[in-house]
1. Is it the case that some residue within the range 401-422 is of a type in the set (Ser, Thr, Tyr), exposed (fewer than 13 other Cβ atoms within 10 Å of the Cβ) and either modelled with pLDDT under 75 or assigned to a helix (DSSP H, G or I) (or both)?
2. What is the one condition in (1) among the aliphatic types (A, V, I, L, M); (2) in contact with a His (Cβ under 9 Å, 6 or more places away or on another chain); (3) within 30 Å of Ser47 (Cα to Cα); (4) surrounded by 24 or more Cβ atoms within 10 Å (Cβ to Cβ) that Val158 does not satisfy?
3. Counting just the residues of the range 577-598 that are in contact (Cβ under 8 Å) with a residue 24 or more places away in the chain and farther than 23 Å from Ala468 by Cα, which one comes out surrounded by the fewest Cβ atoms within 10 Å (Cβ to Cβ)?
4. Taking the conditions exactly as written (of a type outside the set (Val, Ile, Thr) and not in a helix (DSSP H, G or I)), does Gln129 satisfy them or not?
5. Does the range 161-173 contain any residue that is over 18 Å from Val20 (Cα atoms) and either in a helix (DSSP H, G or I) or modelled with pLDDT of 85 or more (or both)?
6. Would you confirm, using the coordinates I've provided, whether Leu116 is touching a Ser or Thr at 6+ places or on another chain (Cβ under 6 Å), part of a helix (DSSP H, G or I) and surrounded by fewer than 22 Cβ atoms within 10 Å (Cβ to Cβ)?
7. Can you find even one residue in the range 568-586 that is of a type outside the set (A, V, I, L, M) and touching a His at 6+ places or on another chain (Cβ under 6 Å)?
8. Take the conditions touching a helix residue (DSSP H, G or I) at 6+ places or on another chain (Cβ under 8 Å), hydrophobic (A, V, I, L, M, F, W, C), over 21 Å from His484 (Cα atoms) and modelled with pLDDT of 85 or more and apply them to Phe605. Does it pass?
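The values are calculated or read from the model by the stated rules, or taken from the named source; none is laboratory data. This one's a predicted model, so the numbers in the text were calculated from it and none came from an experiment. When we count neighbours, we look across all protein chains shown, and the Cβ atoms used for this are built from the backbone with ideal geometry, even at glycine.
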Amino acid sequence: MPQSSAALPLSHPVDQAWQVAYLAPGQSLVLAQQVIAAGPEARASASDLAQAWLLVALAEVRVGDRQRAAQALAEAEAMCAAAHDMRVSGLSSEVRVMLLRRDGRHADALALLAELDAGPQPPWTDHDQFLRHNSRGISEALRGQAHAALRHFYTSLVAARASGVPGAVITALGNLGSHHLYLHNLEDARTLCEEALQASRAAGQLQMVVSAAVNLVTVYRLLGRHDDLQKVAEVLNQHPGAVAAHTHTGEALALATAALFQGDLATTRALLDQAHGQSLHRGRQALYWVWLQARCWMAEEAAPVGPGQAAGAGKVAAAQALIEQTLAARGQPEQVDSPQDVMELHAAAAEACERLGDLAAALDHTRRGHRVFQQLADQGARARLLALQVGHDLDQAKRERDEALRLQQRSEEQARRLEALNLELQARIDETAQLQVLLREQALRDPLTGLFNRRYLDEVVPGLLDLAARQQRPMAVAMLDLDHFKRLNDEFGHEAGDQVLERFASSLLQVVRRSDVVCRYGGEEFVLILPDSGGTQAELLLAEVQQALDLAAPDPAATRLPRATFSAGVALFPAHGQRFASLLARADQALYDAKRQGRARVVQFSEAPSSA
């Protein structure tokens with residue numbers, strides 16, 4: 001929650017206005033105007049007045065009048081100069097970026113952002129950081145830098161959660177969910193949008209409830225989760241006047257989608273007419289309207305005809321003609337429009353052609369739609385893998401910092417290395433703070449070794465296999481088992497066994513690449529997923545693991561422990577299987593062969609296992 005240079009009581013109107021700036025902009029505007037009107041009589045400081053004018057500008061630039069926003073911003077900047085408040089001055093510049101973006105001056109907005117980032121940084125609060133990174137995420141997304149936008153949106157969410165301000169959290173969740181939707185990472189988009197809807201309902205803000213529900217309608221539509229889509233529509237129906245209160249084209253179209261899947265064709269038609277009566281934007285909204293109109297016509301022709309109603313003959317043909325005309329008029333839609341809407345249009349066209357008996361055209365649309373789907377699937381997989389890669393970088397930085405802490409007392413050189421690593425770690429934390437939230441929220445790690453667990457494998461490996469199949473790249477799956485581990489536990493105790501497991505996990509992490517996945521599968525069993533690796537590469541890597549295990553210094557109290565070795569079985573994609581379950585079973589079979597052959601060795605899967 002932003003504070004002025006002077007400490008403000010919790011009941012201060014400026015403080016209250018910041019609390020609701022993103023939750024209820026109209027209320028924030030009223031509170032700020034009260035501070036301005038009572039300024040001299042209330043003995044408001046120059047910093048208070050600067051923040052009040054800034055809050056007016058923020059509300060107007062987001063949901064109000066552009067000219068009033070510019071005037072309020074000029075007043076805020078003049079007050080900042082008088083107050084010598086570096087933080088509020090910095091926030092004024094951030095709001096100026098929003099004003100430039102609203103004017104369509106994206107290049108000027110980016111230039112100002114670069115200037116602000118290069119200059120000295122004031123003592124930002126968590127709410128300030130939310131505002132700044134949220135704005136940067138929007139700017140990066142507008143210029144097509146999807147991955148940079150993703151990092152900013154995650155950092156914005158972390159800052160919003162730390163601030164404890166509901167409006168900031170809901171806004172950050174909504175923007176991050178929308179961006180994952182744009183990247184076609186639908187499962188992450190669904191989780192974030194569902195949380196945004198829940199938080200919006202808890203806050204009791206109709207606008208935010210409807211906005212979150214609109215995003216979920218799109219996510220559920222693309223996931224084919226029509227039952228969930230209808231549940232969202234029921235949420236909207238719990239707010240009387242919600243449909244009538246939202247006249248923006250995008251919201252009207254999303255609400256029409258909910259009505260369509262509920263079978264409420266009358267409401268669907270009314271919302272389509274409402275959207276068509278407004279200015280349909282180029283690109284996504286125009287194609288979205290065409291898809292809905294076509295689907296509505298097709299549903300009307302399929303619907304039973306009641307007494308006194310005319311049959312809907314010819315509406316399927318009209319739907320098919322509208323789609324064909326739209327796609328033809330846009331030249332190459334996959335390059336200029338939302339690929340998700342293009343994919344949905346092809347699916348609708350394929351169904352219309354099939355119902356009209358034109359099976360060749362139906363097949364053509366199906367193939368074209370599938371090509372778009374493959375592009376979207378690749379894009380979503382890359383976004384997911386990027387997040388995982390960022391997480392691996394953060395874990396590696398933490399391990400390096402901890403190692404440096406242990407060696408700090410040995411030399412000044414190690415002390416300097418520690419300082420550099422800490423600075424690097426802080427930089428990475430700033431860029432990847434979202435991963436800390438994800439890792440805390442998901443139980444994906446083994447508590448003893450710190451490695452990923454079985455659940456993580458089930459979540460991530462199918463996507464890695466799909467990517468490897470599309471790119472026609474190899475992948476190795478290795479199952480590892482510590483030799484004679486039960487005997488070690490029986491003779492030396494479970495504490496000694498735990499030490500060996502921790503040393504083994506540390507040896508694995510020293511050797512594997514950033515793209516590899518390391519998992520403790522259960523007990524003394526471990527699984528490695530090695531993208532872009534064949535059998536030879538897998539065997540070389542496992543040999544390095546044994547070397548690292550041999551070099552790992554044991555605890556002085558455990559020097560009597562025997563040398564630790566492991567056996568491993570390797571299965572290769574696609575030679576030994578197309579699915580993770582079959583690859584894992586064959587790696588386990590190869591591991592069994594390694595045990596039979598005397599342990600402490602690596603064996604690749606073979607249909608005819610060698611005898612002992």
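1. Looking through the range 401-422, at least one residue is of a type in the set (Ser, Thr, Tyr), exposed (fewer than 13 other Cβ atoms within 10 Å of the Cβ) and either modelled with pLDDT under 75 or assigned to a helix (DSSP H, G or I) (or both).
2. Unmet condition: (4).
3. Lys595
4. So Gln129 fails the test.
5. No: zero hits.
6. Yes: the conditions hold for Leu116.
7. yes
8. Yes, satisfied.
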